[in-house]
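The values are calculated or read from the model by the stated rules, or taken from the named source; none is laboratory data. Please read these numbers as outputs of a predicted model, since none were measured by experiment. Virtual Cβ from ideal backbone geometry, glycine too; neighbours counted across all protein chains shown.
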Number of protein chains: 2
Amino acid sequence: MVLAVDRVYERLRADILGGVHQPGARLGEAELAEATGSSRTPVREALRRLEVEGLVEVLPHRGARVPDWTPEDLEEIYDLRMLLEGAAARRAAARIEAKDADRMDELCGLIEWAAAPGDQQDLDRVAELNAEFHGIARAAAASNRLVTMLNAVVQLPLVMRTFHRYSPDDLTRSCAHHRELVAALRARDGTWAESVMRAHVLSAKAVLLRDPPS
Amino acid sequence: MVLAVDRVYERLRADILGGVHQPGARLGEAELAEATGSSRTPVREALRRLEVEGLVEVLPHRGARVPDWTPEDLEEIYDLRMLLEGAAARRAAARIEAKDADRMDELCGLIEWAAAPGDQQDLDRVAELNAEFHGIARAAAASNRLVTMLNAVVQLPLVMRTFHRYSPDDLTRSCAHHRELVAALRARDGTWAESVMRAHVLSAKAVLLRDPPS
DNA sequence: GGCTCACTGATTGCATGCAACATAGGCAAT
DNA sequence: ATTGCCTATGTTGCATGCAATCAGTGAGCC
């Protein structure tokens, strides 16, 4: 048995990150309750969780909205991401197991293929594989607290469809970061891993701020 | 009009941090509803918020509990605090206004007096003043996201009654950190401020891990 | 004697009803 | 024409009822 509040939460989260609910869109409780086949109570509780995680903003008596990020927000968010992802990478270097590193290498290959210019290019698939890659890295950090905090700032790229803004050079650099991160993790070098990860996040930030969303 | 869910949230948070609800204690919804003069609905929503912030743990169908921190948890929490407080201090150095720095200096004096050995020593008052001191620093960072994340890890010292574990030398060092932080902020030196803050947090961590709680 | 299982009591999870509040539109007064 | 108020309407906030689930207990069986 899966709790209704969790169903609603996952659904809402996916829809916000996937762009189904655009920034600024109103999220009516009754509407969401009907859409998820539950009542308003679990919807309200899911909205509270998402509010704390920063994925929705709730105004008293005025309902919930998907926030729209200002450039200052994006700057702040990416700086936090750099800090937290870097710390997670450092922890991961001390803890990662060989099979996880192997899978990350595998994902590097898949990402490189899906990102390469040509008919087979599929940037949405890159986003998906990229999410798995970084998911493994975060899991290897073995810190629930860190993971929770990252959830609040990590998956914005999906909202923004970041990879569609990447130039071919950006994509090449991103793939190089991935390969280097795995190397640093295998070498058990936390400082190296943290440095690569920080560069990786900051380069993503540069892409996003270079050509601001909408 | 203040929302019931916010009342319950503040009350619960204060009671957990203040030690009214000891780690491991069960938090029954009906009990909390009666204690706060509201119904179970706002209690449930407040518990969801506190769950995301890591201040309570909720098991499905089994209710909410105050988590009890293992030494590994404490290590993790203090490392995160170091990161986030350091980042906040760096931002604060670029933004703080003179009157806030003045108040922080004032608080330094009050803390030093209340922390000094003798009849006037009052470690609970030190904790209170210390919270205001760091509250100003965090507010000067002007980052709601950072503040929210810090809330999840910052105020554990209150639970642990940390200052009661401090030796006279620890207290002296803590006060010196405070003075130095204000100097770094006034100098608008973000790196200095971050470094002092990291030292401050890590020294607190050392005290806590030196003599583990209960 | 130890183990299993059903029953009991209590608690959580969810649905729904009602009251409080906020926004929008119309109407009147200046 | 503009401003202010007032009502209408939809929404949120909260209380409560009921079903689902879990911990504990004791009887029955191996």
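Checking B:P117 against (1) within 27 Å of B:I16 (Cα to Cα); (2) without any contact (Cβ under 8 Å) to a residue 60 or more places away in the chain, only one condition comes out false. Which one?
(1)
So which residues in segment A:180-214 are part of a helix (DSSP H, G or I), among the charged types (D, E, K, R) and more than 17 Å from the chain's Cα centre (by Cα)?
Of all residues in segment A:180-214, those part of a helix (DSSP H, G or I) come to A:180-186, A:190-210.
Checking the rest, the ones that are also among the charged types (D, E, K, R) come to A:180, A:186, A:194, A:198, A:205, A:210.
If the condition is that a residue be part of a helix (DSSP H, G or I), among the charged types (D, E, K, R) and more than 17 Å from the chain's Cα centre (by Cα), then A:E180, A:R186, A:E194, A:R210 are the ones that fit.
Please find, within segment A:13-47, the residue that is nearest to A:P67 (Cα to Cα) out of those that are among the basic types (K, R) and modelled with pLDDT of 95 or more.
Initially, segment A:13-47 is screened for residues among the basic types (K, R), giving A:13, A:26, A:40, A:44.
From the residues that got through so far, the ones that are modelled with pLDDT of 95 or more too are A:40, A:44.
Numbers: A:R40: 21, A:R44: 17 Å.
Ranking the qualifying residues of segment A:13-47, first place goes to A:R44.
List every residue pair whose Cβ atoms lie under 7 Å apart, where the two residues are 6 or more positions apart in sequence or sit on different chains, the first residue falls within segment B:58-76 and is more than 12 Å from chain A (Cβ to nearest Cβ), and the second residue, located anywhere, is assigned to a loop (DSSP other than H, G, I, E, B) and loosely packed, with under 11 Cβ neighbours inside 10 Å.
Pairs that qualify, where the first residue is more than 12 Å from chain A (Cβ to nearest Cβ) and the partner is assigned to a loop (DSSP other than H, G, I, E, B) and loosely packed, with under 11 Cβ neighbours inside 10 Å, are B:R65/B:G24; B:V66/B:G24; B:D68/B:G24.
Looking at segment A:36-49, which of the residues that are within 13 Å of DNA strand D (Cβ to nearest atom) and not charged (D, E, K, R) is surrounded by the fewest Cβ atoms within 10 Å (Cβ to Cβ)?
So the first thing to find is which residues in segment A:36-49 are within 13 Å of DNA strand D (Cβ to nearest atom), and the list is A:38-48.
Checking the rest, the ones that are also not charged (D, E, K, R) come to A:38-39, A:41-43, A:46-47.
On the way: A:S38: 17, A:S39: 14, A:T41: 16, A:P42: 19, A:V43: 26, A:A46: 26, A:L47: 24.
Here the residue is A:S39.
Considering each residue of segment B:72-129, count those that are more than 17 Å from B:Q155 (Cα to Cα), among the basic types (K, R) and surrounded by fewer than 18 Cβ atoms within 10 Å (Cβ to Cβ), and give that number.
The total comes to 3.
Taking B:R26, is it basic (K, R) and within 16 Å of DNA strand C (Cβ to nearest atom)?
On the way: basic (K, R): yes; within 16 Å of DNA strand C (Cβ to nearest atom): yes.
Criteria met by B:R26.
Please find, among B:A176, B:A101, the residue that is in a helix (DSSP H, G or I), touching a Lys or Arg at 6+ places or on another chain (Cβ under 6 Å) and either away from chain A (no Cβ under 14 Å) or in contact (Cβ under 8 Å) with a residue 60 or more places away in the chain (or both). Steps first, answer last, please.
On the way: B:A176 fails: touching a Lys or Arg at 6+ places or on another chain (Cβ under 6 Å).
Going through B:A176, B:A101 in turn, the sole match is B:A101.
Kindly evaluate A:E10 against the criterion of being within 11 Å of chain B (Cβ to nearest Cβ) and either within 24 Å of A:L150 (Cβ to Cβ) or modelled with pLDDT of 95 or more (or both).
Answer is no for this residue.
Out of (1) within 16 Å of DNA strand C (Cβ to nearest atom); (2) assigned by TED's automatic domain parsing to the domain that holds A:L181, the odd one out for A:V58 is which?
Against the list (1) within 16 Å of DNA strand C (Cβ to nearest atom); (2) assigned by TED's automatic domain parsing to the domain that holds A:L181, A:V58 comes up short only on (2).
Name the residues in segment A:130-149 that are assigned to a helix (DSSP H, G or I), within 14 Å of chain B (Cβ to nearest Cβ), surrounded by 16 or more Cβ atoms within 10 Å (Cβ to Cβ) and not charged (D, E, K, R), would you?
Within segment A:130-149, A:A141, A:L146, A:V147, A:T148, A:M149 meet the criteria.
Being under 16 Å from the mean Cα position of the chain (by Cα), away from every other protein chain (no Cβ under 11 Å) and at negative phi narrows it down to one of A:A30, A:A94, A:A25, A:A89, so name that one.
Details: A:A30 fails: under 16 Å from the mean Cα position of the chain (by Cα); A:A94 fails: under 16 Å from the mean Cα position of the chain (by Cα); A:A25 fails: under 16 Å from the mean Cα position of the chain (by Cα).
On inspection, the qualifying residue turns out to be A:A89.
When you go through A:E194, A:E128 one by one, which is the residue that is in the same structural domain as A:A87 (by TED's automatic domain parsing) and more than 30 Å from B:W69 (Cα to Cα)?
The unique qualifying residue is A:E128.
Please work out if B:D68 is away from DNA strand C (no atom under 12 Å from the Cβ), in contact with a Gly (Cβ under 7 Å, 6 or more places away or on another chain) and outside any strand (DSSP E or B).
Values: away from DNA strand C (no atom under 12 Å from the Cβ): yes; in contact with a Gly (Cβ under 7 Å, 6 or more places away or on another chain): yes; outside any strand (DSSP E or B): yes.
Taking the combined requirement at face value, the residue satisfies it.
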